[in-house]
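Trainee: One structure is given below, represented as structure tokens, and several questions about it will come after.
The values are calculated or read from the model by the stated rules, or taken from the named source; none is laboratory data. Since we're looking at a predicted model, the values are computed, not measured. Note: ideal-geometry Cβ built from the backbone for every residue, glycine included; neighbour counts use all protein chains shown.
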Amino acid sequence: MNQLVAVRTPFALAQSLAFMRRFTPCQGDHLIDDDSVTTAVALGARAVAVRIAAGPGATVALTHPDVDADDAARIAYRARQLLSLDDELDGFYRAAASDAAPFAAIVDALHGLHQVRFSSLPDIAVYAVLMQRRPITQAGRMRQKVLASLGLPVDVGGHTLRAWPGFGALVGLDAAAWQAAGVDAHKAAQLPPVVRGVAALGETFLATAPYADARDALCAIPGIGPFSAAAILLRGLGRMDDVPLAMKGFAEPARDVYGSDWDPRATVRRYGPALGYWSFYLKTGAARGLHRGVA
């Protein structure tokens, strides 16, 4: 079955594929070739493989097994969320055009990149715990163990892809079950209240409530602090409203790109509601050194 899904331009699928190849936490989640990505999407208690490629005009083309109309809509929704296909970048690009030359160079090099998100809210809720005080490679390996243990499998030409199950399959897991899935004892004890708490808040509330309300509700859950809350809202739900700029994960790359006198208040004033895209391009570009040698 083939579906065409509209895209807000500018959009460059090649940029998304390049990001996915490099993004350590989700290594192994997808099959990526020169011009497409195949991923697993959960439909209830089963998974289907979905190939995403460039379509005609401002679209991407989805190829997957025949499903009914409701499941086809669910697949299209997950593809739009994964690659942030509905995001409008014009305001961000206008603000970046007059920013410092090193950051402008990053934006130019990544032009057309929409944020690539984690696959679902359950996925980022679990990873938000696993990444706390852990190197990204270690947290990514732990996440892959969980996905291998609990994920919904689908065969793609002899290769097994796995989709994250929904909260219904995860909220009943206790610490022992998380340990059996490959999580260390400390993280396994943290996960049950986090998973239950995020599931209780729900995707609709977290995606649509005023940012401060969503952030504060997440921070009220034992085991979630400001950085984890920001990760859930930004990398899981595409909330671009705000990021905690004072935290090391944002401040260090900002000073690398802008210099030691970087002023976060000026960045907030410049980018406003596009601040999340500034942070996404900043971290992506700084990790690749795209600003090096630009004065």
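Trainee: Would you please name the residue that is nearest to the chain's Cα centre (by Cα), looking only at residues in region 255-281 that are more than 25 Å from Asp216 (Cα to Cα) and surrounded by 20 or more Cβ atoms within 10 Å (Cβ to Cβ)?
Mentor: Tyr281
Trainee: OK, next. Among the residues of region 105-121, write down those that are among the β-branched types (Val, Ile, Thr) and out of contact with any Ser or Thr (no Cβ under 7 Å at 6 or more places or on another chain).
Mentor: Answer for region 105-121, where residues must be among the β-branched types (Val, Ile, Thr) and out of contact with any Ser or Thr (no Cβ under 7 Å at 6 or more places or on another chain): Ile106, Val107.
Trainee: With region 1-101 as the region, which strands (runs of 3 or more DSSP E) entirely inside it contain at least 2 residues that are crowded, with 20+ Cβ neighbours inside 10 Å and among the β-branched types (Val, Ile, Thr)?
Mentor: So the answer is 36-43, 46-54.
Trainee: Which residue pairs have Cβ atoms under 6 Å apart, sit 6 or more places apart or on different chains, and have a first residue in region 112-123 that is small (Gly, Ala, Ser) and a second that is modelled with pLDDT of 95 or more and part of a loop (DSSP other than H, G, I, E, B)?
Mentor: The qualifying pairs are Gly112/Pro10; Gly112/Phe11; Gly112/Ala12; Ser119/Trp164; Ser120/Trp164.
Per-residue answers, yes or no, for (1) in contact (Cβ under 8 Å) with a residue 12 or more places away in the chain; (2) more than 20 Å from His114 (Cα to Cα):
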| residue | (1), (2) |
| --- | --- |
| Arg255 | no, yes |
| Gly259 | no, yes |
| Ala266 | no, yes |
| Lys283 | yes, no |
| Gly289 | no, no |
